[in-house]
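Comments concern the structure below.
The values are calculated or read from the model by the stated rules, or taken from the named source; none is laboratory data. Since we're looking at a predicted model, the values are computed, not measured. All Cβ positions, glycine included, derive from the backbone under ideal geometry; neighbour counts span all protein chains shown. Ligands, DNA and RNA are excluded from the accessible area calculation, which covers all protein heavy atoms including side chains. Shrake-Rupley method; radii C 1.70, N 1.55, O 1.52, S 1.80 Å.
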Amino acid sequence: MLSAILTTILIVGGTALLAWPLGIYMAGLFSGRFASADGLFARTVGGAPEQDWKQYSIALFAFNIVMFGFVFALLATQHMLPFNPDGQGAASLDLVFNTTASFTTNTNLQHYSAESTWSYLAQIGGLMWLQFVSAATGIAALAALARGIGGKPTMGNFFVDVQRASFCVLLPLAMIVAAVIALNGVPMTLQGAAQVTTLEGVAQTIARGPAAAFVAIKQLGTNGGGFFGPNSTHPLENPTFWSNAFEMVAIILIPMACVWMFGRIIGRPKHAMVVFGVMAALLLIKLVASVGFETAPTQAFMDLPVTQDVGNLEGKELRLGATTGPLWAVLTTSTSNGSVGAMHDSLNPLTGLVPMAGMWLNETFGGVGVGMINMFLYIVVAVFVAGMMVGRTPEYLGHRIEGREMRLAVLALISHPVLILGGTALFAATAWGQDTLNNAGAHGFSEILYEFSSAAANNGSGFEGLGDNTVPWNIATGLVMLIGRYLPIIVPLAIVGSLMAKRRSAESAGTLSVESSTFGVMLFITILIFGALTFFPAAALGPIAEHLTSMR
Amino acid sequence: MERATSGQTGLFQRELVVPAMRDSFAKLDPRTLVRNPVMFVTAIVATTATVILLRGIATGAEDIGFQAQLVFWLWLTVLFGNFAEALAEGRGKAQAKALRDTKESLVALRIGKTGDTEKIPATQLRYGDIVLVCEGQQIPADGEVVAGVASVNEAAITGESAPVIREAGGDRSAVTAGTTVISDEIRVKVTAEPGSGFLDRMIALVEGASRQKTPNEIALTILLTGLTLIFLVAVGTLPAFASYAGGAIAVPVLIALFVALIPTTISALLSAIGIAGMDRLIRFNVLAKSGRAVEAAGDVGTLLLDKTGTITIGDRQASEFVTLPGVAETDLLEAARLSSLADTTPEGRSIVALAGGEEALPSDAEPVAFTAQTRVSGVDLPGRIIRKGAVDAVLKLSDYPEDTVLALKKITDRIAQAGGTPLAVVENGRLLGAIHLKDIIKTGIRERFVELRRMGIRTVMITGDNPLTAAAIAAEAGVDDFLAEATPEDKLAYIRKEQAEGKLVAMCGDGTNDAPALAQSDVGVAMNTGTQAAREAGNMVDLDSDPTKLIEVVGIGKQLLMTRGSLTTFSIANDVAKYFAILPAIFVVLYPALGTLNVMGLASPQSAILSAIIFNAIIIPLLVPLALKGVAYRPMPAASQLLRNLGIYGVGGVIAPFVGIKLIDLAVAGLGLA
């Protein structure tokens, strides 16, 4: 127990410490502190005019369409292209669509086993490239949002921002992480699979490839797509205790730094501290809950005359320790990472609820850039209700929140439950979902619910136990990922665009301070009411019903 | 203050409640309901439940009794919402009726081009017509006095029966339809077209007919509609989930869950809160021209307050006589006394009282009255010419020895620095000294300013005094800033400067020259005694013409928003308990183990659902008094305010329904209703 607590504190607390200077650096970067780099980036795209929210959104959208188109073409034609030492064949177009949507949207939902599906070119030139630029898209969007809400006259230039994020944040960090995990034993090679003879004398094919580079950005950019099918439970993606710890740090580092970056750009580090505190509190609750629920043995032991007091060991990589399974599960779903360090399908029912809750809320640090953007929507709602309670027309940082902003915020907030619950309802009631399940009853329901939650939250982790490489699953989750990505990015930019056009009002003792702990409490409650209450019936029919039925 | 007292009687008077109940049914008209999306949706699903019930009765389905009760309570939820709104409107309607009776009885004596008069109904008057109003007649239309002076009883509008003087020219020329001339006669130029006069506006306001949703109300309605949509998704997907689990959930039960979860409580009370906010202002004898103005009052960051009448009592008091070197004190006292004996203003009387001695004017004295031109007053006695007045005015009267002037300046500067107003006294060209007139700060006003400051509101004192005097009074009264020797242009410039810094500014004014500043300010309260121009420029009119009320107006604006926010929080917080009441009840057939979630130990699934929906309905009338009166409001910083309201309405909103639903369940089960 003590080691579990220590591990958690060291990883989460240590990352929080690292995130602080990184956030300051990123705020400087996006405030134009490095003029020569900015000049180079501007020249690369032939000049960088300042953009308003519409121009910025259009640029972002256009760039993402290019990303999608390029990678779709690459994946669809991989069998005709070089760097395919293992001779991967053509993939079905619905899988190509799903995979392209998945990596463009920073989701990395994988309805395949990479080592038996994609060529090295597809993985490195297509998917890994997307892991960089999709993450950069999210960070750029946050920078634009922060500039607008912080009182800058424009939102900046998307093309410069996306280069700043790629070349000055993601690439250097990815190199460090890749080097460290490569030293820990993650392969980095363009050679095809190794043919070996085992000690038993059997011939075995061991898949390998340029995994270290892929895994580094997979973790840093809250992507989560594994180079190998079993993701970070695979020994060649995550060989040692240290690689495990290091990868967990990489998962939450940039999402945490994004909060500080936001606070710095808007000139309110204290407000960022309150937001960070709320996120950290939610994270802590989830950590305690999941590690706690996982101390019970799996339900298979329920009726056996066996004393089992080491917790649930099913689906865990024991070389990494039993605690890191639920810890990783929480971190990967709090951020929209989605890599897995244990099989979520095998978690105890209530432990399995925790990652789902993480994806429903989707802003306990959240995806790089977008986590803070999601939080912004909750802040708008919290400020609105709290503002009235202090007897003033609600304002956020001096911007008055009125009908138009509320309409947009509600639109973005509603989209999440609509995508998750609507998708789950469709697949739970029809053969599209029912025929792909490995488990019946409440657990099977959880598998469907999890898949849609993961897609809508752009998380990408799988509950597994689901035969999800089917046409309906590929199309449906592909669409859910696309809507769940772009709506919650563009709409907040529109809100800020609308706020920027208004006269800013001064703050006084009579205005609601977004820097106080009271506001933190208000924000916390708002998140629980708006984010969690909606999903309570679904949770009751999935993990809670399973727990109450089987874990007596 | 007839109206103000009538407002303190009970909320649920018979004469208000009965028509409100009748109106609750009239308001079921879909065209009315659709203005409130959440209640409209509730009515739609209640209709659906009714259709299902009727079909069930026709086919002889089970559970008819349970379904009938659900339908009954669903409709009651809608009716309770209508009732809250009707009750809030009803309070204004009684006032409106009296005003309308006044308006319809008005007749006018219109003066034709040739000078003859004709008697016509007031409704036929047009802009620019001239009417004659004689003693005992009511003024037929809003207008400006163009000739004559009259004392007018404005009780019909203000509730204040003391007559006021209305005269041509100057700042007291505006008259209002429905008020009565009680002496003399005046000619009035009509300045309002029929139907747009003050009386019409007041009728519309108190009736709530001209009520438009404020920006904040619109935004809140959107949020509540959004919540309704979210719960539509949460509940609408349940049949699919249930079919996966191999069961089914009856539609009436789904409807009950849906209605319990959507924010019916706040939606039902929303318009009542808005109407009641305006009504509170009206009862306070302030007319707001729009709900927007009331909300803006809550946002005010800077209050511009006139010194006289608001910060200090209107009259200054003599507090000290200061003699010049070489002047006997008795000479000054005597001269001051004599020159003030004919001065019946409180200032004059205070000088006489301080000087002491004889209080009757000598028979051979000829008083010289104060005029705006000379700015001095005094008395002429045989061989003695005594004058007193503003220092610069007195100095202009003749040439004085330079050292005396310097000595006087020294004295008057000292008086000014102490916040007083010096009056110089001169007899036969010889300066005697100065009288120190002191401004008396109103008791308790300093504490009010401290409160305002804690609420983040800056107070700015506006005064015609010189900067020295103004600074001293400002320091004594505890205002944050002052504007000395203020001209209307200065006020306007100050307001613009504050607004440029992002603050909302409130001020009050009465003169025509205040009109630009009133129009520029975010909350401009025009005094009812003021000119028509001022009353048009402001977005509120204070019928009592009491500038102090600006402070309360801010409070009423804040209270309105606070009530809205607190009841929203309460309404949403209620959902936690409702989930725990209804979800186990409907899921227990799918997974029996989910009965564990029935933490309240409700008697049966049916009684649980019924209890939740009954609680959801009856909480509306229970909260009507709070919606109409507003939540308790005390000035305090925003952070404490939030914590307090979050504690009461947030935490209370979570706990209350657990208790309420459990109690109702005991009753429902006990009575065998389900």
Query - Intensity falloff of segment A:107-148 expressed as log10 I(q)/I(0), Debye formula with alpha-carbon point scatterers, at q = 0.17, 0.21, 0.23, 0.25 Å⁻¹ - result: -0.57, -0.71, -0.78, -0.85
Requested in this report: Go from 0 up to the bin containing the longest alpha carbon distance in segment A:368-550, width 5 Å each, and give me the % of pairs per bin.
Outcome: 1, 8, 15, 17, 16, 12, 10, 8, 6, 4, 2, 1
Query raised in the report: With the solvent-accessible surface defined on protein heavy atoms using a 1.4 Å probe, which residues belonging to segment A:353-400 display a reduction of at least 50 Å² in accessible area in the multichain context relative to the isolated chain?
Result: A:Phe384, A:Met388, A:Met389, A:Val390, A:Gly391, A:Arg392, A:Thr393
Report task. Pop out a list of residues from segment B:606-651 that are at least 50 Å² less accessible with all the protein chains around than in their chain alone; 1.4 Å probe, no ligands or nucleic acids counted. Result -> B:Ala638, B:Leu642, B:Leu646
Query - Cut-off 12 Å between beta-carbons: net charge of the residues surrounding A:Glu314, Lys and Arg +1, Asp and Glu -1 - result: -2
**Report entry** Cβ-based charge dipole, chain B, positive-most Cα from B:Thr225, B:Leu567, B:Ile582
**Finding:** B:Ile582
Report summary line: P(r) of segment A:316-412 over all Cα-Cα pairs, 10 Å bins starting at 0, rounded to whole percent, reads 15, 34, 23, 17, 10, 1
Report summary line: For chain B the translational diffusion coefficient, Stokes-Einstein from a Kirkwood Rh over Cα pairs at 25 °C and viscosity 0.890 mPa s, in µm²/s, is roughly 83 µm²/s
Report task. Could you state, as a whole-number percent, how many of the C-alpha pairs of segment A:62-172 are farther apart than 24 Å? Result -> 33 percent
Query - Largest-first principal axis extents, alpha carbons of segment A:1-47, Å - result: 57, 16, 10
Query - Estimated [θ] at 222 nm from DSSP helical runs (n ≥ 4, -39500 (n - 2.57)) normalised by residues in chain A, nearest 500 - result: -18500 deg cm²/dmol
Report task. For B:Val175, A:Val45, give the ranking by accessible area with the largest first, probe 1.4 Å. Result -> A:Val45, B:Val175
Query raised in the report: Other chains near B:569-577: what is the mean number of their Cβ atoms within 10 Å of each residue's Cβ?
Result: 3
Query raised in the report: Averaged over all directions, how much area does the convex hull of the C-alpha atoms of segment B:26-105 cover when projected, in nm²?
Result: 6.9 nm²
Report task. Assign one of three labels to segment B:422-580, namely rounded, prolate or oblate, based on the Cα gyration tensor with a ≥ b ≥ c the square roots of its eigenvalues; rounded applies when a/c is under 1.5, prolate when it is not and a/b is larger than b/c, and oblate otherwise. Result -> prolate
Report summary line: Cα extents of segment A:97-253 per principal axis, largest first, Å, are 70, 35, 21
Report summary line: Ignoring ligands and nucleic acids, B:Arg100 exposes an accessible area, probe 1.4 Å, in Å² to the nearest 10, of 90 Å²
Query raised in the report: Direction-averaged shadow area of the convex hull around the Cα atoms of segment B:399-498, nm²?
Result: 8.0 nm²
Requested in this report: Taking the dipole about the Cα centre of segment A:368-550, with the C-beta of Lys and Arg at +1 and of Asp and Glu at -1, give me whichever of A:Tyr378, A:Leu421, A:Ile529 is farthest to the positive side.
Outcome: A:Tyr378
Report summary line: Filtered hits (lysines, Cα-Cα < 17 Å from B:Lys438, offset >= 8 within chain) -> B:Lys307, B:Lys388
Report summary line: Result for interface chain A to chain B, accessible surface buried in total, 1.4 Å probe, Å² to 100, stands at 5000 Å²
Report task. Could you do me a favour and compute the accessible area per residue for segment B:497-651, 1.4 Å probe, result in Å²? Result -> 26 Å²
Query - For segment B:76-157, Kirkwood radius (reciprocal of mean inverse C-alpha pair distance, Å) - result: 15.6 Å
Query raised in the report: Which value, in Å² rounded to 10, gives the accessible area of A:Phe293 with a 1.4 Å probe and all protein chains present?
Result: 80 Å²
Query raised in the report: Heavy-atom accessible area of B:Ser640 with all protein chains present, probe 1.4 Å, nearest 10 Å²?
Result: 50 Å²
Query raised in the report: Restricting attention to the alpha-carbon atoms of the protein assembly as shown, what are Rg (one decimal) and Dmax (integer), both in Å?
Result: 38.1, 141
Query raised in the report: Based on the alpha-carbon gyration tensor of segment A:242-384, what equivalent-ellipsoid semi-axes (square roots of 5 times the eigenvalues) come out, in whole Å, largest first?
Result: 33, 15, 11
Report task. Count the net charge of all other residues whose Cβ sits under 10 Å from the Cβ of B:Lys388, scoring Lys and Arg as +1 and Asp and Glu as -1. Result -> -1
Query raised in the report: P(r) tail for segment B:235-377, what percent of Cα pairs lie past 27 Å?
Result: 62 percent
Query raised in the report: For the protein assembly as shown, which whole percent of the accessible surface, found with a 1.4 angstrom probe, sits on carbon and sulfur atoms?
Result: 62 percent
Query raised in the report: Going by accessible area, probe 1.4 Å, with all protein chains left in place, what is the ranking of A:Met302, B:Met527, largest first?
Result: A:Met302, B:Met527
Query raised in the report: Can you list the HN-Hα couplings for segment A:104-112, worked out from phi with the Karplus curve (6.51, -1.76, 1.60; θ = phi - 60°), rounded to whole Hz and with x for Gly and Pro?
Result: 5, 8, 6, 8, 6, 6, 10, 8, 7
Requested in this report: Average the reciprocal distances over every distinct pair of alpha-carbons in segment A:1-109, invert the result, and give the Kirkwood radius in Å.
Outcome: 18.5 Å
Query - Calculated diffusion of segment A:308-362, Stokes-Einstein form, Kirkwood radius summed over Cα pairs, 10 °C and 1.306 mPa s, µm²/s - result: 142 µm²/s
**Report entry** Solvent-accessible area per residue for chain A (1.4 angstrom probe, square angstrom)
**Finding:** 32 Å²
**Report entry** For segment B:602-610, Karplus couplings with θ = phi - 60° (6.51, -1.76, 1.60), whole Hz, Gly/Pro x
**Finding:** 6, 4, 8, x, 5, 5, 5, 5, 4
Requested in this report: Using the structure shown, list the pairs from B:Lys189/B:Lys497; B:Lys409/B:Lys491; B:Lys113/B:Lys289; A:Lys270/B:Lys442; B:Lys93/B:Lys549; B:Lys396/B:Lys503 with a Cα-Cα distance above 32 Å, or answer none.
Outcome: B:Lys189/B:Lys497; B:Lys113/B:Lys289; A:Lys270/B:Lys442; B:Lys396/B:Lys503
Report summary line: Normalised Cα Rg of segment B:49-88, dividing by 2.2 N^0.38 Å with N its residue count, works out at 1.47
Report task. Would you kindly calculate the mean projected area, averaged across all directions, of the convex hull enclosing the Cα atoms of chain A, in square nanometres? Result -> 25.5 nm²
